[in-house]
Amino acid sequence: MMVIVNTTNVGGITTEPRGLTFDRKNLWMTDSTGINLIDRSANLIKTIVGANIYGITTDRKYLWVITYLPDPATALIYQLDKTGNLIQTINIIAIDFIPRGITTDGKYLWFTGQANNRVYQIDKFGNLISFFATVNTPRGITTDGKYLWVVEFDFLVSSSIRQYDKAGNLIQTINITAVDVLPFGITTDGKYLWWIGDANNNLYQMTKN
């Protein structure tokens, strides 16, 4: 049974937490105005200013962030260095025009899309490799190398973290409705899952099994 071992409020940094990733030492957390580097106790280290940012992941060297706008419809993945300098831009609007979360297994990028409720696997130039359907509306996504962990929700009704293999087969479902009905970003440090809730502006650290 999974257990939440720590809860930290991040409301002093942002009241609209979105994406989350772990770089082996610290956490990177996005909101509508940029990217915040925080330690595991949620102390702010630095901020990179940005706009309309949702998901974030890192391959240790670079940051990969999703930006989305409904009007005019824009869905992009930016590859950045860790000071915020742009390396490349990938347009993903033809794949899914409401992207949310992103993760990487080192070789490929995986991102969630709410237009079709899917997880997409692409290469680092934006070429589509594969996709699978999620059970509910997806938001954040992370991988521990072997499995994908996806935050899913039914708006203000129920929320879950679902574990899939990379072919899209469901391994398990963790109901987190009682904790936060608007979860968003998720990441892992290998041992624990870390996720953020938009309803309470909390950062949760949870066991994986």
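A compact table of results
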read-out: The listed residue being among the acidic types (Asp, Glu), at pLDDT 95 or above and surrounded by fewer than 18 Cβ atoms within 10 Å (Cβ to Cβ), out of ASP71, ASP81; value: ASP81
read-out: Members of the stretch 15-52 found to be in a loop (DSSP other than H, G, I, E, B) and buried (at least 21 other Cβ atoms within 10 Å of the Cβ), listed by number; value: PRO17, ARG18, GLY19
read-out: Per-region count, the stretch 31-40, residues over 13 Å from GLY185 (Cβ atoms) and either of a type outside the set (Ser, Thr, Tyr) or at pLDDT 95 or above (or both); value: 4
read-out: Boolean, ASN9 is over 27 Å from PHE125 (Cα atoms), surrounded by fewer than 20 Cβ atoms within 10 Å (Cβ to Cβ), at pLDDT 95 or above and not hydroxyl-bearing (Ser, Thr, Tyr); value: yes
read-out: Residues (farther than 19 Å from PHE184 by Cβ, in contact with a Ser or Thr (Cβ under 9 Å, 6 or more places away or on another chain) and not in a strand (DSSP E or B)) located in the stretch 63-103; value: LYS82, ILE93
read-out: Residue match in the stretch 4-14 (condition: within 19 Å of VAL150 (Cβ to Cβ) and in contact with a Phe, Trp or Tyr (Cβ under 7 Å, 6 or more places away or on another chain)); value: yes
read-out: Extreme residue, surrounded by the fewest Cβ atoms within 10 Å (Cβ to Cβ), among residues of the stretch 128-145 that are in contact with a strand residue (DSSP E or B) (Cβ under 8 Å, 6 or more places away or on another chain) and not in a strand (DSSP E or B); value: VAL135
read-out: From the options THR177, THR187, residue that is of a type in the set (S, T, N, Q) and assigned to a loop (DSSP other than H, G, I, E, B); value: THR177
read-out: Conditions (1) at pLDDT below 95; (2) assigned to a strand (DSSP E or B); (3) surrounded by fewer than 16 Cβ atoms within 10 Å (Cβ to Cβ); (4) not charged (D, E, K, R); number of the one not met by PHE153; value: (3)
read-out: Of all residues making up the stretch 111-127, the number that are free of Cβ contacts under 8 Å to residues at least 40 places away in the same chain and either buried (at least 16 other Cβ atoms within 10 Å of the Cβ) or among the polar types (S, T, N, Q) (or both); value: 8
read-out: Residue satisfying condition, being modelled with pLDDT of 95 or more, among the aliphatic types (A, V, I, L, M), within 27 Å of PRO72 (Cα to Cα) and crowded, with 17+ Cβ neighbours inside 10 Å, within set ILE98, ILE186; value: ILE98
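The values are calculated or read from the model by the stated rules, or taken from the named source; none is laboratory data. Predicted, not measured: the structure shown is a model, and the values here were computed from it. Note that we place each Cβ from the backbone using ideal geometry, even for glycine, and neighbour counts take in every protein chain shown.
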